[in-house]
Amino acid sequence: MKKTTPRSPRPQLLPRSVSIIGTGSHVPARVMTNAEFAARKELDTSDEWIRSRTGIIERRFAGEKEFTSDMAAEAARRALSNANVKPDEVDLIIVATVTPDMPFPSTSTFVQHKLGAKRAACFDVNAACSGFLYALEIGQQFVAAHTYNTALVIGAEKLTSILDFTDRNTCVLFGDGAGAVVLRSRGGDSHGILTTCMGADGAQGDLLKVPAGGSRCPASHASVDGKLHAIRMMGREVFKQAVNAMNAAATEALARCNLNGPDIALVIPHQANLRIIDALGERISVPRDRIYVNLNRYGNTSAASVPIALDEAAHEGRIKRGDLVLMVAFGAGFTWASCVVQW
Ligand code: UT7
């Protein structure tokens, strides 16, 4: 019998530290103000109500021909340029979104094509407003395990495509946009992503959802007439859970790193409601001037909110090399996630 040479075992590589080496974001040009909603008498809303209950003053709306993948690709181009990485160096593209261009193919494959990142493997992640931090953890694992060297992680949404513009409970809250980061190992550098936490409670799915368009309720005349393709939210209940879950996720990430709120240079929270953000700051003992807020300008952009805020904070010089940054998010599912990075 012919003898076969035994295969050499796979080299055992230790997990390596992973850094965010570039950030980018993109929001559409069209600004939609509270005053424009208030001018629509049938909505019965006001700038004062929206501002005082949420902190939102304006948000961005994508054009009819501007898709989630367009915004994602533009944010990604900026992140790649910021990181000085060429598209053909990208090994993996993950897009977090609840508003994909279409059910399939994945939005990440459209982004790959738009960037010309031909070598990249692609998939989407759906964890609603926690999606970017879920995708960041996944991308981080691939790079830490030496499976890939360069990952592009994007959060992108065209939420205006799933809004019911006759429902004042939801339509004033959301906006469109995209943010992206490039992940790589910087070799021996101990800086980078220090910890990531993720969690979910599937029992609470009914409180925030888009009921139709999936296998439970495929698109039909009745689903369209019933506005079942738009966001439905029990706002007050979601609010309470968001405060508790964001606090718990932030506290867990800090504890894993043996840190306390006051050690953090900047908190980047999901941008849903200023009252939620303030409650979080109070609970983890971080004053408002060390919490990044841009929901006054963009509203809630779901999976895009954390990476847009991170990119703006980095470009405004709010984060310096060596700073500890805490990111934390909460969304439909329910899902929640947090991450501590040493910049
Ligand atoms: O991103 C994923 C996670 N999402 C969130 O974290 C969102 C969490 N929830 C919230 O941010 C808040 O609950 C909302 C901003 C959605 C609502 O604020 P609230 O203080 O919880 O208001 P509410 O839902 O308890 O409603 C109070 C009143 C109601 O009127 P009645 O029933 O008391 O007469 C609403 O109909 O405010 C009314 N209302 C409005 N009034 C004027 C709701 N939306 C509007 C509006 N303009 N746009």
Exercise. Looking only at region 147-173, which residues are over 20 Å from SER223 (Cβ atoms), open to solvent by 10 Å² or more (accessible area, probe 1.4 Å) and not β-branched (Val, Ile, Thr)?
Worked result: TYR148, ASN149, ARG168, LEU173
Seminar exercise, completed: Just one listed residue, out of ILE291, ILE264, ILE276, is among the hydrophobic types (A, V, I, L, M, F, W, C), in contact with a helix residue (DSSP H, G or I) (Cβ under 6 Å, 6 or more places away or on another chain), open to solvent by less than 40 Å² (accessible area, probe 1.4 Å) and more than 10 Å from the ligand (Cβ to nearest atom), and it is ILE291
Exercise. Can you find a residue in region 109-116 that is open to solvent by 10 Å² or more (accessible area, probe 1.4 Å), at pLDDT 95 or above, in contact with a His (Cβ under 9 Å, 6 or more places away or on another chain) and not in a strand (DSSP E or B)?
Worked result: no
Exercise. Limited to region 223-274, what total is found for residues that are more than 17 Å from MET327 (Cβ to Cβ) and among the hydroxyl-bearing types (Ser, Thr, Tyr)?
Worked result: 1
For this session: Could you tell me whether region 206-225 includes any residue that is over 23 Å from VAL125 (Cα atoms), modelled with pLDDT of 95 or more, surrounded by 14 or more Cβ atoms within 10 Å (Cβ to Cβ) and of a type outside the set (D, E, K, R)?
Result: yes
Problem set entry | Residue list for region 278-328, filter: closer than 21 Å to SER52 by Cα and either of a type in the set (Asp, Glu) or in the same structural domain as ARG78 (by TED's automatic domain parsing) (or both) | ASP278, GLU282, ASP289
Problem set entry | Subset of region 279-288 (residues that are more than 20 Å from the chain's Cα centre (by Cα) and within 12 Å of the ligand (Cβ to nearest atom)) | ALA279
Exercise. Do you know which residues across region 301-329 are open to solvent by 10 Å² or more (accessible area, probe 1.4 Å) and either of a type in the set (Asp, Glu) or within 16 Å of the ligand (Cβ to nearest atom) (or both)?
Worked result: ASP311, GLU312, GLU316, ASP323
Seminar exercise, completed: Restricting attention to region 330-343, the residues that are within 16 Å of the ligand (Cβ to nearest atom) and not in a loop (DSSP other than H, G, I, E, B) number exactly 6
For this session: Among the residues of region 63-81, write down those that are open to solvent by 80 Å² or more (accessible area, probe 1.4 Å) and either among the basic types (Lys, Arg) or in contact with a helix residue (DSSP H, G or I) (Cβ under 9 Å, 6 or more places away or on another chain) (or both).
Result: LYS65, PHE67, ARG77, ARG78
Problem set entry | Qualifying positions in region 38-62 - closer than 21 Å to ILE276 by Cβ, of a type in the set (A, V, I, L, M, F, W, C) and open to solvent by less than 60 Å² (accessible area, probe 1.4 Å) | ILE50, ILE56, ILE57
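The values are calculated or read from the model by the stated rules, or taken from the named source; none is laboratory data. Note that the structure is predicted; figures quoted are calculated from it, not measured. Don't worry about glycine lacking a Cβ; one is built from the backbone with ideal geometry, like all the others, and counts go over all protein chains shown. Surface accessibility is based on the protein's heavy atoms, side chains included, excluding ligands, DNA and RNA. Shrake-Rupley method; radii C 1.70, N 1.55, O 1.52, S 1.80 Å.
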